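The values are calculated or read from the model by the stated rules, or taken from the named source; none is laboratory data. Remember, it's a predicted structure, so these values are computed and weren't measured experimentally. Heads up, the Cβs are rebuilt from the backbone with ideal geometry, glycines too, and the neighbour counts pull from every protein chain shown. In case anyone asks, the SASA skips ligands and DNA or RNA and just uses the protein heavy atoms, side chains included. Shrake-Rupley method; radii C 1.70, N 1.55, O 1.52, S 1.80 Å.
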Amino acid sequence: MSENHLLSKNSAPHSDVEEIKKRSNYLRGSLLETMEDRITASIPEDDNRLMKHHGSYMQDDRDLRGERQKQKLEPAYQFMLRVRAAGGVVTPAQWLMMDSVAQKYANGTIRLTTRQSFQLHGVLKWDMKKTIREVNDAMLSTLAACGDVNRNVMCNPNPYQSDVHGEVYELAGKISSHLDPKSRAYYEIWLDEEKVADSRDFDREQEPIYGPVYLPRKFKIGIAVPPSNDVDVFSQDLGFIAIVENGRLAGFNVSVGGGMGMTHGDPKTYPQVGQVIGFITPDQIIDVAEKTVTIQRDYGDRSVRKHARFKYTIDDRGIDWFIGELTERLSWKLQPARPFHFDHNGDRYGWVKGSDGKWHLTLFIQNGRVKDEEGYQLMTGLREIAKVHGGDFRLTPNQNLIIAGVKSQQKKKIEELVQKYGLTDGAHLTALVRNSMACVALPTCGLAMAESERYMPELLNKITPILEENGLSETDIVIRMTGCPNGCARPALAEIAFIGKAPGRYNMYLGGGFAGDRLNKMYKENIGEAEILDSLRQLLAHYAKERNAGEHFGDFAIRAGYVKEVRSGQEFHA
Ligand code: SRM
Ligand code: SF4
């Protein structure tokens, strides 16, 4: 590997994280020793940075911070563990394993994420190795679920066109394995694989794609199958849009440079939508993914992490520069992009029959949190379904769950279990609730400035009467909330969004495209619940009265002059 590949082509001094990765000997650091240290429940910051590449972050329970400080105790350290599965497809046995480790080692709940992965919260350092081992025994992995590498590859879990889904899903898995880190560190630390004396001497230790400092920042890939844009393809660093011609997968349009994160008050940071640069055939997809990742590896900013995402590499150098660089590395040219049309980015709930004759049930899981509550035994119900289910489970990009591939003769049994445990496809809820997402935020997320997952349901309950008064209960409107501007629930693409500013305070955004194809814009800054509800009362009444036939709320908000249309992230703060 050339030196160029080891370091960014930017000459500014590298950030501390770059130095940590460089010193880590391909993601080892002192993790092996640190995890065995019984004196503290925490790990040092250097190892925590590396730990992310193994799928985990150290956190502390923020609800307990104040009390523990008073008692002069160290924070209640615990770990979040992310388990990834390309395209979000897992077997019933894997579901049962997740259920079991959640009970044994975590806080007794499972969190389905916005990238079709699982998260466990509250895992203690002492239990981490056992947990990761059980995950791997079930043929799932936490490797590269976080960190400066390619993350879980998303793919439309569409049960309608089973053939196309099958092909697209297979490609998602291939891209994922191709871009997995190749270092054996993960297997040595967690699975007791024999340690290589000095890994640098061994060819098998090389990271042919990443090199020893990996990427400047996380990298995300998603594949959409129109008309569904459930993966929010334009939010991905690299997105593929399936082009289906005569019922067959012809190939993919390629979209580059999307991303959601920003920092309040720093206009140099902004969410961005990807740009479509051309068309490729299915056999070219791995090559395009690999070469795109290597361009970001070589040109991404390694000095300022806030500016290190691929969207900034492209915006700083221009899309033509990127296309030129990609063409050179591929030694062939992309074809012109083909026509496509998205009509939504949400999930479609309830039972549908696939082209293979099997049945698929999409359940509404509010904000992805799987747990038991009085009258709503979601966790138990899914466990009982997993015990008898012969198909698979599919985690959707909107934090919901599909019980997929149910044979006709099994459908009744699944329906009985759904009834018995009070599981729901959301039919009794408003369309706004069915189109809602909120990120995790408090109490586990160290970056949260405001509540999100715990508050969104309460806020939605207060919005429901406003919808009813205006006859909008069955109108699909995409609403999202995050506890900070990092954008984990992709709020910048929602028709209505709330981004946390401080406890109980949010910035309110309007005007995102219903199909996830346009960014929204700030409407009000730093408002609390009363002002949120007042604003919505006025906006929704106006929309109900004056919308055009079929006009979505996001489009209306722009036409009625509440916010300006945002065509590119660079206009987001303008
Ligand atoms: Fe995220 C960081 C949760 C999807 C952008 N995200 C975090 C951390 C790990 C907080 C931290 O760094 O300490 C959060 C853990 C909270 C907790 O307690 O569990 C966290 N992100 C999540 C999840 C669980 C949200 C959810 O409600 O489902 C999602 C897990 C996805 C997965 O399974 O891999 C999640 N995060 C996203 C997405 C959406 C997506 O990928 O489609 C985004 C926006 C898209 C993007 O990346 O541009 C996103 N997360 C971020 C960022 C901002 C990155 C940036 O460009 O600036 C951070 C902060 C960071 O990286 O420094 C972050
Ligand atoms: Fe945490 Fe912010 Fe992501 Fe929400 S958006 S999970 S608060 S980092």
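Summary value for the chain: 13 percent relative contact order, contacts being C-alpha pairs under 8 angstrom separated by 6+ residues. Going by accessible surface with a 1.4 Å probe and the largest first, VAL478, VAL352 read VAL352, VAL478. Using the Cβ of TRP351 as centre and a radius below 15 Å, the other residues enclosed give a net charge of +3, where K and R count +1 and D and E count -1.
Here the accessible area of the chain is 49 percent carbon and sulfur, with a 1.4 angstrom probe and all protein chains present. In terms of the mean number of neighbouring beta-carbon atoms within 10 Å, the peptides 105-117, 123-135 order highest first as 105-117, 123-135.
List the relative contact order of region 352-421 as a percent without decimals, with contacts defined as Cα pairs under 8 Å and 6+ residues apart. That works out to 39 percent.
For region 40-96, relative contact order (Cα pairs under 8 Å, six or more residues apart, normalised by length) works out to 33 percent.
Positive-end ranking of VAL276, THR142, GLY350 along the dipole of the chain, with charges on Cβ about the Cα centre, is headed by GLY350. Let me make sure I get this right: for region 352-421, a, b and c are the square roots of the gyration tensor eigenvalues over alpha carbons, sorted descending. Under 1.5 in a/c it's rounded, otherwise prolate if a/b > b/c, else oblate. Which is it? Taking the square roots of the gyration eigenvalues as a ≥ b ≥ c, region 352-421 is oblate. Around the Cα centre of the chain, unit charges on the Cβ atoms of Lys, Arg, Asp and Glu (plus for the first two, minus for the last two) sum to a dipole of about 260 debye. Cysteines in the chain lacking any other cysteine Cβ under 4.7 Å from their own Cβ: CYS146, CYS155, CYS445, CYS484. Working ranking of peptides 250-258, 216-224, 374-382 by packing, defined as the average number of other Cβ atoms within 10 Å per residue, highest first, is 216-224, 250-258, 374-382. Across the cross-link table entries LYS130/LYS182; LYS52/LYS174; LYS268/LYS521; LYS220/LYS387; LYS21/LYS306; LYS195/LYS306, which are compared at the Cα atoms, the separations over 27 Å belong to LYS220/LYS387; LYS195/LYS306. Rolling a 1.4 Å probe across the protein heavy atoms gives region 390-466 an accessible surface of 37 Å² per residue. Comparing GLY318, LEU249, LEU124 along the charge dipole axis of the chain, the residue lying farthest to the positive side is LEU124, per the Cβ-charge model. Residues of region 169-186 with an amide N closer than 13 Å to a point placed 7 Å from the Cα of GLN335 along the Cα-to-Cβ direction: none. What the Cβ-Cβ distance of ARG454 and TYR160 gives, at R0 = 35 Å and to the nearest 0.05, is a FRET efficiency of 0.55. For the pair LYS129 and ASP476, label points projected 7 Å from Cα toward Cβ lie 4.9 nm apart. In vacuum, with every alpha carbon of region 431-571 counted as one equal point scatterer, what does the Debye formula give for log10 I(q)/I(0) at q = 0.11, 0.16 Å⁻¹? Two decimals, please. Log10 I(q)/I(0), no solvent term: -0.35, -0.76. Note on region 254-380: the alpha carbon radius of gyration divided by the globular reference 2.2 N^0.38 Å gives 1.47.
The length gained by stretching the chain between ALA12 and LYS72 to full extension, at 0.36 nm per residue less their Cα-Cα distance, is 17.5 nm.
Packing, as the average of other Cβ atoms within 10 Å across residues, places the peptides 29-41, 480-492 in the order 480-492, 29-41, highest first. With R₀ set to 51 Å, the beta-carbon distance separating GLU33 from GLU328 gives a calculated FRET efficiency near 0.70. Pull out a ≥ b ≥ c, the square roots of the eigenvalues of the alpha-carbon gyration tensor of region 150-285, then state rounded if a/c is under 1.5, prolate if not and a/b is larger than b/c, and oblate in the remaining case. It is oblate, given that a/c is not under 1.5 and a/b is not larger than b/c. With protein chains left intact and a 1.4 Å probe, residues in region 38-128 average 38 Å² of accessible area per residue.
Accessible surface area normalised per residue over region 253-333 is 34 Å², counting heavy atoms of protein chains with a 1.4 Å rolling probe.
Between ALA541 and VAL352, the contour length at 0.36 nm per residue exceeds the alpha carbon distance by 64.7 nm. What shape does the chain take by its C-alpha gyration tensor, where a ≥ b ≥ c are the square roots of the eigenvalues and a/c under 1.5 counts as rounded, a/b above b/c as prolate, and the rest as oblate? Judged from the Cα gyration tensor, the chain comes out rounded (a/c under 1.5).
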